[in-house]
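Accompanying notes for the structure given below.
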Amino acid sequence: MKVALLALAVIAGAAPALAQTPLTLEEAMARAQDATPDAKVLTALVAEADARVRQAKAAFLPRVDLTETVQRGNQPVFVFGSSLAQRRFTEAQFAVASLNDPDPITNTRTAFAMAQPVFDAGATRLGVRTAVLGRDVVAAMRTEARQDLAVRAARAFVGVLQLEAAVRAADAALEAAESDRQRARARREVGVATDADVLAVDVHLADMQQRRIAAVGDLAVARIQLADVVGLPLNAAITLAPPVPRTTPLDGDALVRASAEHPQRRQAALQQQLADTTRRSARAALWPSLTVQAGWESNGPTFGEQRASWVLGAEVRVNVFKGLADRARLAEAGHAEARADAERERTGRRLDVEIHAAIAQLQAARAREDAGRTALAQAREAQRIVRDRYDSGLATVTDVLRAAEAALNAESRTTAAQMDVILRTVALDRAVGRL
């Protein structure tokens, strides 16, 4: 056990010397939002959605296709049509034998085809609006996901801080236990303490050693997890700067108003607009559409012998009957719009509740922190008094150990309360949507 403790002590002592990456809570959250694989995935999602907007806008422009074809065969329809397209048709080809069993022919074809939508009752425009709203929804989701990344980084950051405090507390408890053991042995030498007293202190000392070993191990794991969350190399030596306490105003109504641009509220509003656009698109499908078409092609036995031709036209498409599917789609869109309205209201109420709950939790955490400081000071003073009484023969070793355990527990609770204040502050910022 002594060897293991020595190794852990060397590692713990070397860590400050190797530390080269100072990190504040704000920097950790910012790195998690921008410098991690998760953040890059979110950025790519927005870029994908933006590309879909450009695809939707392309429907306003004409479609032009170029086709190059080379075919050879004696299929009667192919030979007949190719001869006409090449402008090489002769009277002899009207013979029944030639029609039924023509000689093989080669046809090379170069063709341009253009189609330009002229009127579609706004379907293309609504398609672009749908793509734009979809992109905005993805952007709002990215903002929300980035806030989640910041919260995760804050938890990892606070976890390291708490374990660092646990290691320091374990060091102090270990030092106090060593002192108590020396005191118990000294009293045994003069005959006012028993071997049982010394053994009890030795057991307590061993327990403190185990606690320190566990805390050091947990701290090493927590540092790796923090490095991963903030996008640093896993073996990076990180020095954490304790967060500066903030006196966040806890006016619930003001914070609710400040959350007007919360990404979840934004998503709900966009989903409502998207549902309205979908309903309008369903209605547009009931109207006729008009498309202008043009084509030019050149046919010949070889590319050098081609003869050209062209065609212009327009197509009007009227939706006469589709088995009432369009009417059902319109009804579906109407119900989806009503659902989006209700979900927007539900999101708003849920966020209002979340903000008020976060305020109450932060107030409670601050109160626990104040009470913890007082309790820690009292526990330490009680430990000092019990030790003095033990030295005077007025207290037992059990009293000493109980006071030591109480001081250690009070320090642990105080540290937990301090860390909880940090996390509750971050949680309030998350509820308001300002991370």
Exercise. In debye to the nearest 20, how big a dipole does the chain give about its Cα centre with +1 on each Lys and Arg Cβ and -1 on each Asp and Glu Cβ?
Worked result: 820
Exercise. Which whole-Hz ³J(HN,Hα) couplings does segment 219-224 yield from phi under the Karplus relation 6.51 cos²θ - 1.76 cosθ + 1.60, θ = phi - 60°, glycine and proline marked x?
Worked result: 5, 4, 5, 4, 5, 5
Exercise. Got a sec to turn the phi values of segment 34-40 into Karplus ³J(HN,Hα) couplings, 6.51 cos²θ - 1.76 cosθ + 1.60 with θ = phi - 60°, whole Hz, x for Gly and Pro?
Worked result: 10, 10, 10, x, 4, 5, 5
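Classify segment 66-105 as rounded, prolate or oblate from the Cα gyration tensor: take a ≥ b ≥ c as the square roots of its eigenvalues, call it rounded if a/c is under 1.5, otherwise prolate when a/b beats b/c and oblate if not.
It comes out oblate by the Cα gyration axes.
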Problem set entry | Whole-number D in µm²/s for segment 305-435 (Stokes-Einstein; Kirkwood sum over Cα pairs; 10 °C, 1.306 mPa s) | 73
Problem set entry | Between segment 237-284 and segment 289-304, the Cα center-to-center distance that results, in Å | 54
Exercise. What is the Cα coordinate range of segment 22-96 on the first, second and third principal axes, sorted by size from largest, in whole angstrom?
Worked result: 93, 27, 15
Problem set entry | Residue (of PRO22, ALA407, GLY191) at the positive-pole extreme of the chain, dipole from beta-carbon charges | PRO22
Seminar exercise, completed: Taking a ≥ b ≥ c as the square roots of the Cα gyration tensor eigenvalues, with a/c under 1.5 meaning rounded and otherwise prolate when a/b beats b/c or oblate if not, segment 176-304 comes out prolate
For this session: Can you tell me how much longer the chain between GLN363 and ASP103 gets when fully stretched, taken as 0.36 nm per residue apart minus their C-alpha distance, in nm with one decimal?
Result: 84.1 nm
Exercise. With axes computed from alpha carbons, what is the tilt in degrees of helix 263-284 against the longest principal axis of the chain, rounded to the nearest 10 within 0 to 90?
Worked result: 20
Exercise. Taking the C-alpha atoms of the chain, how large are the radius of gyration and the largest Cα-Cα span, Dmax, in Å?
Worked result: 39.2, 138
Seminar exercise, completed: Relative contact order in percent for the chain (Cα pairs under 8 Å, 6+ apart) equals 24
Problem set entry | ³J(HN,Hα), Karplus 6.51/-1.76/1.60, whole Hz, each residue of segment 119-136, x for Gly, Pro | 9, 9, 6, x, 4, 5, 4, 5, x, 5, 4, 4, 5, 5, 5, x, 5, 5
Exercise. Within the chain, what's the longest stretch lacking trypsin sites (Lys or Arg not before Pro) that sit in DSSP loops with no more than 14 other Cβ atoms inside 10 Å?
Worked result: 88-245
For this session: Rank ILE385, GLN71, LEU351 by how far each Cα sits towards the positive end of the charge dipole of the chain (+1 on Lys, Arg Cβ; -1 on Asp, Glu Cβ) and give me just the farthest.
Result: GLN71
For this session: For the chain, build the charge dipole from Cβ charges (+1 Lys, Arg; -1 Asp, Glu) around the Cα centre, then report which of LEU232, THR398, TRP287 sits farthest towards its positive end.
Result: TRP287
Exercise. Sorting MET208, MET141 by accessible area (1.4 Å probe), largest first, what list results?
Worked result: MET141, MET208
Exercise. Relative contact order, percent, of segment 253-377 when contacts are C-alpha pairs under 8 Å separated by at least 6 residues?
Worked result: 31
Exercise. With the contact rule set at Cα under 8 Å and sequence spacing of 6 or more, what percent relative contact order holds for segment 296-435?
Worked result: 25
Problem set entry | Accessible surface of VAL128 - all protein chains present, 1.4 Å probe, nearest 10 Å² | 20
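The values are calculated or read from the model by the stated rules, or taken from the named source; none is laboratory data. These numbers come from a predicted model, not from an experiment. We place every Cβ from the backbone using ideal geometry, glycine too, and count neighbours over all the protein chains shown. The accessibility values were calculated without ligands, DNA or RNA, using every heavy atom of the protein model including side chains. Shrake-Rupley method; radii C 1.70, N 1.55, O 1.52, S 1.80 Å.
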